[in-house]
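First the structure, in the form of structure tokens, and then the observations on it.
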Amino acid sequence: TEDIGNELEKADLIQIDNPRPNQIIESPLFIKGKARGNWYFEADFPVKLFDDNGFLLGITIAQALGDWMTEDFVPFSATLLFAVPSTPKGRLILEKDNPSGLPEYADELIIPVYFKEAPEISQEFMTVKIFLSDSRFVGEPYFDCSRTIAVERQVPKTLAVTKTAIEALLRGATQEEINQGFVSNINSGVRIQKLIIENGVAKIDFDEQLEFQVGGSCRVAAIRAQITETLKQFPTVDSVIISIDGRTEDILQP
């Protein structure tokens, strides 16, 4: 039997028109459906996309398209930008907004999906490092915001190893790493637009999601350090120039 998630069990609470279970999706993903008024809080609820390795590829907010103060169904829509997946399949999770945080009020609709740009199923893998922010000493005097820690990722063997390592970085930390205090300060859903390495200089261009709602000098330093250290693990890279939509000057401002 085909896995269609828990759509049938949740049909009296929330229904989704796009994407449908097991649909092939790509970024940006347009999401629409309808949910009972009590699924929302302040007219919205969170939507998350994971791949089958458990990486959070993207997160967005679905907005009610009508008065949500009702017990009836209210239509919603959302647009989700997501990172390059590490598996061919994933799951879209539409969470009931639960400001109380109490587990008895939590609920979710789970929709299995396939990714259009599914990674090739490779028999051979290689190990690369990604650099996460080390948040274990946040709040202590002289805390270094650019302090990173290397963790390993298994990725399909490829000649485009620098790009593959950054794509792995953009998928973020595992839950186990987060529990240890190793986190990514990079937004979910960021994409590489261009990467070239010339004379020891890696020039890497990202989409605008990299700086979306990013503020504070500490976070900016952490983002730059994660990207720079991940690229500098390779002997062909001595220095890194980061750009967003081709701009290098006014980006990632604290």
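The values are calculated or read from the model by the stated rules, or taken from the named source; none is laboratory data. Please read these numbers as outputs of a predicted model, since none were measured by experiment. Don't worry about glycine lacking a Cβ; one is built from the backbone with ideal geometry, like all the others, and counts go over all protein chains shown.
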Inset, instruction - Filter the range 118-157 for residues that are under 15 Å from Glu177 (Cβ atoms) and either in contact with a Cys (Cβ under 7 Å, 6 or more places away or on another chain) or of a type in the set (Phe, Trp, Tyr) (or both) and give the result. - result: Phe131
Legend entry - Options Leu56, Leu102, Leu94, Leu65: the member that is modelled with pLDDT under 95, more than 16 Å from Ala118 (Cα to Cα) and either under 20 Å from the mean Cα position of the chain (by Cα) or among the hydrophobic types (A, V, I, L, M, F, W, C) (or both): Leu102
Legend entry - Residue within the range 175-190 that is at negative phi, without any contact (Cβ under 8 Å) to a residue 24 or more places away in the chain and of a type in the set (Ser, Thr, Tyr) present: no
Inset, instruction - Only one of these is outside the structural domain of Ala173 (by TED's automatic domain parsing), without any contact (Cβ under 8 Å) to a residue 60 or more places away in the chain, exposed (fewer than 13 other Cβ atoms within 10 Å of the Cβ) and among the polar types (S, T, N, Q): Ser77, Ser100. Name it. - result: Ser100
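So that you can scan it fast, the table gives a plain yes or no per residue for (1) modelled with pLDDT of 95 or more; (2) surrounded by 13 or more Cβ atoms within 10 Å (Cβ to Cβ); (3) part of a loop (DSSP other than H, G, I, E, B):
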{"site": "Pro112", "(1), (2), (3)": "yes, yes, no"}
{"site": "Pro119", "(1), (2), (3)": "no, yes, yes"}
{"site": "Lys129", "(1), (2), (3)": "yes, yes, no"}
{"site": "Gln154", "(1), (2), (3)": "no, no, no"}
{"site": "Ile166", "(1), (2), (3)": "yes, yes, no"}
{"site": "Leu169", "(1), (2), (3)": "yes, yes, no"}
{"site": "Glu176", "(1), (2), (3)": "no, no, no"}
Legend entry - One residue from Glu177, Glu167 being acidic (Asp, Glu), over 25 Å from Gln23 (Cβ atoms) and not assigned by TED's automatic domain parsing to the domain that holds Leu56: Glu177
Inset, instruction - Give the range 108-133 a look and list any residue that's over 26 Å from Leu81 (Cα atoms) and not polar (S, T, N, Q), or say none. - result: Glu124, Phe125, Met126
